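Chemist: After the structure tokens below, expect a handful of questions from me.
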Amino acid sequence: MENFYKKIVRLFCAVIPVKALRRKCRDWLFAVPDKISMHFLLRNNKNYKPYNKFYKKKISSQSVLIVEINTFHGITLPGYIHYFRELGYDVDVLLDYKNVIDQPLCRLKDKFRAFVGTKEQLLEILRSPRIKKYSFVFINTTFYYPGGLSVIRMIGRLPEGKYGTLMIEHNLDPYVKQFGEEKYIKNGTLFTLLGFRNTKMLGSNYVGKVKYPPKNDKKTRFVVVGTIYPGNKNFQMLQNAVDKLYKTGAENFEINVIGYGSLEGLTEQQKKFIIHHGQLDYPSMYSYLENSDFYLPLLDPDNKEHHKYLDNWVTGSSILIYAFAKPCLINKTFAPVYGFNEDNAIVYGKDLFAAMKQAIALSASEYQKKQANLKSLVADYQEKSLKNLRVQLRKMEKNKGNG
């Protein structure tokens, strides 16, 4: 529907003779659906407020401001809101309106308040002296994309609460060195999702209320989430596995693919099993995840671009696997990095086909055991993360700052 709308807009604007005016008209019309969605969201959800309301709302004495000026990384927000609420803090969130439209907080029951605006409007808030009224400022992503810019440098200074600032670095290389973040690692205010490269772990693997249904008995459902790009996932490996499964007579499975990009080169036979839904909002994506049996990260050790997921970037797939307790099929090179083993996942060497065959044949009781073990792993990660956060907050309260 969105692509159809954009085609109509382009045709409509094509008759405008002046290029600059044509582009301005096109960009304005492209933004109309988002503006309509934002209007209804702000009108119907008491948690969300326009950015300008920030300057009028009371800030409690024990509160945290969580910052995300990008249009992505919404998946980590529910977990961090939940942690701070567990520790007794009121939580406000600064969010780009495009991130809000995707509804990453749709299942969160924890109380929070979000102020919504454009990148420029949110940066304006972060330069405000009102920021000091918060106990802490928590930066959910240290960089801004596109451009790979430092959020702190975009603001012009470190946005500090009464006791300082904490942050999550999603891409240690290159941003720690590029942004001069070594000092934040040293003083313990910079975390990573899994504690890569001797940083402290602050994992976010909670999205709110989730159901854990048993394995589907008639058709095994696999799910893949993420941008369709060879540097992130090996889809050719998946297509080859599907062909092999079909040759063995297996037809009782389907693979739901969710994400930007196009799956090119699928044969008519492969299309019977691989269903590409495109980019979905979080409520729709969560429904597919909840009703799936297994998750396919599609990481390939033979692709050097995938090596970033060993100690630099945490694959977003792991967050979804943890949050929904979906056993994954994962290559043995990557499995231990994320805490996966034969007790809570299906670990394979080179043969994804054999792993998928094993998953399809897995009994309901064996599936339940893997799911229970996965839940235990997640509980352990959450306990460690909450402890790391609690210790650092108390330290900063005692020292009164990031020094």
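Chemist: Would a scan of the range 34-56 turn up a residue that is at pLDDT 80 or above, among the polar types (S, T, N, Q) and either open to solvent by less than 70 Å² (accessible area, probe 1.4 Å) or within 27 Å of the chain's Cα centre (by Cα) (or both)? Write out each step before concluding.
Modeler: Quick first cut of the range 34-56, residues at pLDDT 80 or above only: 46-56.
Retained after the next criterion (residues that are among the polar types (S, T, N, Q)): 47, 52.
Those left that are additionally either open to solvent by less than 70 Å² (accessible area, probe 1.4 Å) or within 27 Å of the chain's Cα centre (by Cα) (or both): 47, 52.
Yes, some residue in the range 34-56 is at pLDDT 80 or above, among the polar types (S, T, N, Q) and either open to solvent by less than 70 Å² (accessible area, probe 1.4 Å) or within 27 Å of the chain's Cα centre (by Cα) (or both).
Chemist: With respect to the numbered conditions (1) under 22 Å from Val210 (Cβ atoms); (2) open to solvent by less than 30 Å² (accessible area, probe 1.4 Å); (3) in contact (Cβ under 8 Å) with a residue 40 or more places away in the chain, which one is the sole condition not fulfilled by Cys106?
Modeler: Among (1) under 22 Å from Val210 (Cβ atoms); (2) open to solvent by less than 30 Å² (accessible area, probe 1.4 Å); (3) in contact (Cβ under 8 Å) with a residue 40 or more places away in the chain, Cys106 violates only (2).
Chemist: Oh, and also: How many residues, within the range 353-403, are of a type in the set (Phe, Trp, Tyr) and closer than 23 Å to Leu87 by Cβ? Even if it seems obvious, please write down each step before you answer.
Modeler: Start the filter on the range 353-403 by keeping residues that are of a type in the set (Phe, Trp, Tyr), which leaves 353, 367, 381.
Applying the additional criterion that residues be closer than 23 Å to Leu87 by Cβ yields 381.
Going through the range 353-403 one residue at a time, the tally reaches 1.
Chemist: Quick one: which residue in Lys398, Lys357 is among the basic types (Lys, Arg), assigned to a helix (DSSP H, G or I) and either free of Cβ contacts under 8 Å to residues at least 40 places away in the same chain or exposed (fewer than 14 other Cβ atoms within 10 Å of the Cβ) (or both)?
Modeler: Working: Lys357 fails: either free of Cβ contacts under 8 Å to residues at least 40 places away in the same chain or exposed (fewer than 14 other Cβ atoms within 10 Å of the Cβ) (or both).
Of the residues listed, the single one that is among the basic types (Lys, Arg), assigned to a helix (DSSP H, G or I) and either free of Cβ contacts under 8 Å to residues at least 40 places away in the same chain or exposed (fewer than 14 other Cβ atoms within 10 Å of the Cβ) (or both) is Lys398.
Chemist: Please specify each residue of the range 183-200 satisfying the condition of being out of contact with any Lys or Arg (no Cβ under 6 Å at 6 or more places or on another chain), under 15 Å from Phe143 (Cα atoms) and not aliphatic (A, V, I, L, M).
Modeler: Within the range 183-200, Tyr184, Thr192 qualify.
Chemist: If a residue must be surrounded by fewer than 23 Cβ atoms within 10 Å (Cβ to Cβ), aliphatic (A, V, I, L, M) and modelled with pLDDT under 95, how many such residues does the range 80-103 contain?
Modeler: Selection size over the range 80-103: 1.
Chemist: Separate question: Confirm whether Leu329 is of a type in the set (A, V, I, L, M) and more than 19 Å from the chain's Cα centre (by Cα). Even if it seems obvious, please write down each step before you answer.
Modeler: Working: of a type in the set (A, V, I, L, M): yes; more than 19 Å from the chain's Cα centre (by Cα): yes.
Spelling it out, Leu329 is indeed of a type in the set (A, V, I, L, M) and more than 19 Å from the chain's Cα centre (by Cα).
Chemist: Suppose we filter Leu77, Leu65 for residues that are in contact (Cβ under 8 Å) with a residue 24 or more places away in the chain, buried (at least 23 other Cβ atoms within 10 Å of the Cβ) and within 28 Å of Val225 (Cβ to Cβ); which single one remains? Break it down stepwise before answering.
Modeler: Numbers: Leu65 fails: within 28 Å of Val225 (Cβ to Cβ).
Sole residue among the options that is in contact (Cβ under 8 Å) with a residue 24 or more places away in the chain, buried (at least 23 other Cβ atoms within 10 Å of the Cβ) and within 28 Å of Val225 (Cβ to Cβ): Leu77.
Chemist: I've got another one for you. Yes or no: Val337 open to solvent by 10 Å² or more (accessible area, probe 1.4 Å), touching a strand residue (DSSP E or B) at 6+ places or on another chain (Cβ under 9 Å) and of a type in the set (Val, Ile, Thr)? Give the derivation first.
Modeler: Working: open to solvent by 10 Å² or more (accessible area, probe 1.4 Å): yes; touching a strand residue (DSSP E or B) at 6+ places or on another chain (Cβ under 9 Å): no; of a type in the set (Val, Ile, Thr): yes.
So Val337 does not fit the description; no.
Chemist: May I ask you to say which residue of Lys370, Lys326, Lys350 is open to solvent by less than 20 Å² (accessible area, probe 1.4 Å), part of a loop (DSSP other than H, G, I, E, B) and among the charged types (D, E, K, R)?
Modeler: Only one candidate passes the filter, namely Lys326.
Chemist: Now for a separate question. So for the range 159-182 (the condition being part of a loop (DSSP other than H, G, I, E, B) and of a type in the set (A, V, I, L, M)), does at least one residue qualify?
Modeler: Scanning the range 159-182, I find no residue that is part of a loop (DSSP other than H, G, I, E, B) and of a type in the set (A, V, I, L, M), so the answer is no.
Chemist: With the checklist (1) part of a helix (DSSP H, G or I); (2) surrounded by fewer than 23 Cβ atoms within 10 Å (Cβ to Cβ); (3) of a type in the set (Phe, Trp, Tyr) in hand, flag the one item Trp313 doesn't pass.
Modeler: That leaves (1) as the condition not met.
The values are calculated or read from the model by the stated rules, or taken from the named source; none is laboratory data. As the structure is a prediction and not an experimental result, all values here were calculated from the model. All Cβ positions, even for glycine, are placed from backbone atoms using ideal geometry, and neighbour counts span all protein chains on display. Only protein heavy atoms, including side chains, enter the accessible area calculation; ligands, DNA and RNA are left aside. Shrake-Rupley method; radii C 1.70, N 1.55, O 1.52, S 1.80 Å.
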